[in-house]
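Scroll down for the structure; my scribbles are underneath it.
The values are calculated or read from the model by the stated rules, or taken from the named source; none is laboratory data. Here the structure is a predicted model, which is why all the values come from computation and not from measurement. Please note: Cβ atoms are built from the backbone with ideal geometry, for glycine as well, and neighbour counts cover all protein chains shown. All accessible areas refer to the heavy atoms of the entire protein, side chains included, with ligands and DNA or RNA removed. Shrake-Rupley method; radii C 1.70, N 1.55, O 1.52, S 1.80 Å.
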Amino acid sequence: LNTVFAIQLCEYLTTVCRGGTQRPCYKTVYFHDASRRVTYEEAHLACRADGGHLVSIETEAEQGLIQKFIESLVASDGDFWIGLRRKKAEVDNSTDCQNLYAWTDGSSSKFRNWYVDEPSCGSEICVVMYHQPSAPPGVGGPYMFQWNDDRCNMKNNFICKYSLDVTTEPFNPVFPEEHHKKDANVTVKEAKGMLLAYILIPSIPVLLLLTVITAIFCFWIFAKRQVTLFCNK
């Protein structure tokens, strides 16, 4: 997948700015087709190409806001990449590895929403927000919207965030189905116009003939009345 076009190719995309036009803004990018989902690096590059970063979630209130965005998608199972990543790429099995995670947009926020026993460290370096509506609760309760460290080459949905000083315009992607609908509408309109032309053009001589016959008939009636009036005199 070309990361520059990852956002345009998404199946469901919402753009929301806190307080209407006030920044920051967010774009939640969800792919119903799991084969079109992207790795952490691809998601990161897509957000950067669009003028943002993978989302940093800095407060509990912001966590709740992101949850509402995702809930509004009515999406099926599929986690979302967020902008948290371990600084050290090598395997780290120490229990202190969670202190090595930082936001890729430079945020210094220490807010975390890890699922129980996460992060598990090891080779899982990048972070997702769980979104598995069909999964039963685990030992730590429901998984939904909790954070989990994952392998960076896994394929997921993602969320971009745009800072206060970055202007972002909402995408209006046109998907193949919409192209077909538009083409179909044009075709129907053209077909109607052609049908009208096919009906009217051959009908012109017939219409002229009917007009002439009607005029002759009216003239004959008028003349007959004149003759009747003359004879009665």
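Quick notes on this structure:
- Contacts under 6 angstrom Cβ, first residue in segment 51-73 being open to solvent by 10 Å² or more (accessible area, probe 1.4 Å), partner in a loop (DSSP other than H, G, I, E, B) and among the hydroxyl-bearing types (Ser, Thr, Tyr), 6 or more apart: 51/168; 53/104; 58/107; 58/109
- Taking the criterion of being in a loop (DSSP other than H, G, I, E, B) and under 21 Å from residue 74 (Cα atoms), the residues of segment 24-56 that qualify are 31, 32, 33, 37, 55.
- Qualifying residue in segment 90-108 (condition: open to solvent by 40 Å² or more (accessible area, probe 1.4 Å), modelled with pLDDT under 85, touching a Cys at 6+ places or on another chain (Cβ under 9 Å) and among the aliphatic types (A, V, I, L, M)): yes
- If the condition is being open to solvent by less than 70 Å² (accessible area, probe 1.4 Å) and either assigned to a loop (DSSP other than H, G, I, E, B) or at pLDDT below 80 (or both), then segment 155-169 contributes 163, 166, 168.
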